[in-house]
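Structure, as structure tokens:
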Amino acid sequence: MKILVIGSGGREHALAWKLKESKRTEKLYAIPGNPGMAAIAECVPQISPTDNTAVVAFAKEKGIDLVVVGPEAPLAGGLVDALAAGGIKAFGPAKLAAEIEGSKAFSKDLMKKYGIPTAKYEVFSDAAAARAYVKAEGAPIVVKADGLAAGKGVVVAMTEAEALAAIDEIMEGEAFGKAGSRVVIEEFMEGEEASLLAFTDGKTIRPMVSSQDHKRAYDGDQGPNTGGMGAYAPAPVAPPALVAEVQRTVLEPTIRAMEQEGRLYKGCLYAGLMVTAEGAKVVEFNCRFGDPETEVVLPLLKGDLVEIMLACVDGSLAEVEIPWSKGAAVTVVLAAGGYPKAYEKGAEITGLAEAEAEGCLVFHAGTAAKDGIIVTAGGRVLNIVAEAADIKSAVEKAYRGVDRVHFKDAFCRRDIAHRALERMK
């Protein structure tokens, strides 16, 4: 089969790597791809992932059998619909279904309507009304931009002043553009977060291995929120019993709800969860594979990703076995100095082969090729991934790989998986 991956980050590199393993894969393409993906796929940097017309034309020209859409923006922009109209199979939800991530207000209203556990909330289009609500409710409280904000449109405000500043920044400062024209304000949930990704064909939904992301920039969960500084799987906070509970209380009701709303959901559904004293509640839904969770979940998948994705597209997921490793995986994100705020690009990266020699996978997230060398081109630059028998061993292996890689002002968190390691003491 000829397979096209849409996207250019660490998630897409991990997807391409896993798709390449399949005996069904004859040739891989990537739009636009990255230098890491170029080793296993033909990259097409001249086409934008959000140019539906150009992507469909390319898929037809090359005889693509399956398109795998990584990022949320092309999904929310109807790329899967455009491909389907052109007779091309695509893994990912259609535009109407992708609204589960594209609008937090839609997502929260859906959960309220169908009794899916989540935090109490209100939606505001008027900044003054939002401020009045915060003053009435007090802090801690959570302020979220309604639309797509590349994983960064959420402020967990520990004080009333922080919440009011977040409303000003999102709604009036337009920090996230049109995505912040509405805000969702939620109660603060006490607990530990976990991520649960699931494959679905719109009827059957099959959870993957649980994982946990690290959003804050610095050790000890300090500093600003980022797109994710590392992850590990499985997450001890979400053992098999809790995953089964989430399947029953969250995943299955959500898929049924989306079908009832005329938004049949196929692809990967990501449930961001808070494990509270009352059980697991939904923090947010994403309409695609998480990043950096994908980089630790896919190495633990022992089934054929192409077969699984085709079953999701064709509606036959119930008939497919999805075996998982009993081991663990850890990814550490190497970031550019200054991230998630201003950072430099163009620094030479060395030590990639040495990291791989330590037994690590190296997934490119923000790199470019320049004059025969690999240079930095984003805030999150690389994912150094290690698989091992247990989390402790995987952490040690991942950091051995991290220590082999060098570029100007590189930094990473040195405490990835700290919650899991603390539970083991």
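The values are calculated or read from the model by the stated rules, or taken from the named source; none is laboratory data. Predicted, not measured: the structure shown is a model, and the values here were computed from it. Glycine gets a Cβ as well: all are built from the backbone with ideal geometry, and neighbour counts include every protein chain shown. Each accessible area value is taken on the protein alone, full model and side chains, heavy atoms only, with ligands, DNA and RNA left out. Shrake-Rupley method; radii C 1.70, N 1.55, O 1.52, S 1.80 Å.
Sorted from largest down, give the three principal axis spans of the alpha carbons of the range 55-203, whole angstrom values.
Largest to smallest, the principal-axis extents are 57, 32, 25 Å.
What is the Cα convex hull volume of the range 362-425 when expressed per residue in Å³? Display every interim value, and only then the final one.
Numbers: hull volume 5.9 nm³, N = 64.
Expressed per residue, the convex hull around the Cα atoms of the range 362-425 is 92 Å³.
What translational diffusion coefficient, in µm²/s and rounded to a whole number, does the Stokes-Einstein relation yield for the range 60-146 at 10 °C and a viscosity of 1.306 mPa s, taking the hydrodynamic radius as the Kirkwood radius over Cα pairs?
Working: Rh = 15.6 Å.
My calculation gives 102 µm²/s for D.
Given charges of +1 on the Cβ of Lys and Arg and -1 on the Cβ of Asp and Glu, with all other atoms neutral, how large is the dipole of the range 96-137 about its Cα centre, in debye to the nearest 20?
Details: 7 positive and 6 negative charges, 33 e Å.
Value, rounded to 20: 160 debye.
Once ligands and nucleic acids are excluded and a 1.4 Å probe is used, how much of Ile205 is accessible, expressed in Å² to the nearest 10?
10
For the chain, which longest stretch is free of loop sites, where a loop site is one of the GluC sites (Glu not before Pro) that DSSP puts outside H, G, I, E and B and that has at most 14 other Cβ atoms within 10 Å? Provide the component values of the computation, followed by the final result.
Working: sites that count: Glu26, Glu174, Glu190, Glu278, Glu321, Glu344.
Answer - 27-173.
Quick one: Debye curve from the alpha-carbon atoms of the range 307-425 only, equal weights, vacuum; give me log10 I(q)/I(0) at q = 0.14, 0.17, 0.19 Å⁻¹ to two decimals.
Here log10 of I(q) over I(0) equals -0.70, -0.86, -0.95.
How many Å² of accessible area per residue for the chain, probe 1.4 Å? All intermediate terms of the calculation are to be shown ahead of the outcome.
Working: 16620 Å² over 425 residues.
Per-residue value: 39 Å².
I'd like the distance separating the alpha-carbon centroids of the range 259-276 and the range 155-220, in whole Å.
15
Among Gly86, Val142, Val56, which residue has its Cα positioned farthest towards the positive end of the charge dipole of the range 53-155, with +1 placed on the Cβ of Lys and Arg, -1 on the Cβ of Asp and Glu, and the dipole taken about the Cα centre?
Val142
Regarding the chain, what's the average projected area of the Cα-atom convex hull, expressed in nm²? Provide the component values of the computation, followed by the final result.
Details: hull surface 77.4 nm².
For the chain, averaging the hull's shadow over all directions gives 19.4 nm².
Taking the Cα centre of the chain as origin, work out the dipole magnitude from +1 charges on Lys and Arg Cβ and -1 charges on Asp and Glu Cβ, in debye rounded to 20. Walk me through the intermediate numbers first.
On the way: 48 positive and 58 negative charges, 110 e Å.
Result for the chain is approximately 520 debye, rounded to the nearest 20.
Using only the Cα atoms of the range 279-328, what do you get for the radius of gyration and for Dmax, in Å?
According to the Cα coordinates of the range 279-328, Rg and Dmax are 13.0, 34 Å.
Accessible area of Thr25, 1.4 Å probe, to the nearest 10 Å²?
30
How large is the charge dipole for the range 164-274, taken about the Cα centre, if only the Cβ atoms of Lys, Arg (+1) and Asp, Glu (-1) carry charge, to the nearest 20 debye?
Values: 10 positive and 17 negative charges, 136 e Å.
In debye, rounded to 20, the range 164-274 gives about 660.
Could you grab the Rg to Rh ratio for the range 319-373? Cα atoms only, Kirkwood for Rh. Present the calculation step by step, with values, prior to reporting the outcome.
Numbers: Rg = 16.2 Å, Rh = 14.6 Å.
On the Cα set of the range 319-373, Rg over Rh gives 1.11.
Please state, rounded to one decimal and in Å, the Kirkwood hydrodynamic radius that the range 1-97 gives when every pair of distinct Cα atoms enters the mean of 1/r. Each step should come with its number before you reach the end.
Numbers: mean 1/r = 0.0777 Å⁻¹.
Taking the inverse mean of 1/r over all distinct Cα pairs, the range 1-97 comes out at 12.9 Å.
As I understand it, the dipole of the range 213-302 uses +1 on the Cβ of Lys and Arg and -1 on the Cβ of Asp and Glu, about the Cα centre. Which of Ala235, Cys287, Gln260 lies farthest toward its positive end?
Of the candidates, Gln260 comes out farthest on the positive side.
Using just the alpha carbons, could you tell me how many Å³ per residue the convex hull of the range 1-58 encloses? Working shown, then result.
Details: hull volume 4.0 nm³, N = 58.
Taking only Cα atoms, the range 1-58 has a hull volume of 68 Å³ per residue.
If you take the alpha carbon radius of gyration of the range 112-183 and divide it by 2.2 N^0.38 Å, what ratio comes out, to two decimals?
Details: Rg = 11.9 Å, N = 72, 2.2 N^0.38 = 11.2 Å.
That works out to 1.06 for the range 112-183.
What Kirkwood hydrodynamic radius, in Å, does the range 179-274 give when the mean of 1/r is taken over all pairs of distinct Cα atoms and then inverted?
Details: mean 1/r = 0.0666 Å⁻¹.
By the Kirkwood definition, the hydrodynamic radius is 15.0 Å.
How large, in percent, is the carbon and sulfur part of the accessible surface of the range 223-305 at a probe radius of 1.4 Å?
Details: 1250 of 2360 Å².
It is 53 percent, rounded to a whole number.
Across bins of 5 angstrom width beginning at 0, how are the C-alpha pair distances of the range 201-355 distributed, in whole percent?
2, 8, 14, 18, 19, 15, 10, 8, 5, 1, 0
Taking +1 at the Cβ of each Lys and Arg and -1 at the Cβ of each Asp and Glu, which of Ile308, Val320, Ala388 sits farthest along the dipole of the range 267-425 towards its positive end, judged by Cα position relative to the Cα centre?
Result: Ala388.
Among DSSP bridges having both ends in the chain, what percentage is antiparallel? Round to the nearest 5. Intermediate results must be reported in sequence, preceding the final value.
Numbers: 61 of 76 bridges.
Percent antiparallel among DSSP bridges in the chain is about 80.
Taking every pair of distinct Cα atoms and averaging 1/r, then inverting, what Kirkwood hydrodynamic radius in Å comes out for the range 347-395? Could you put the intermediate results ahead of the total?
Numbers: mean 1/r = 0.0847 Å⁻¹.
By the Kirkwood definition, the hydrodynamic radius is 11.8 Å.
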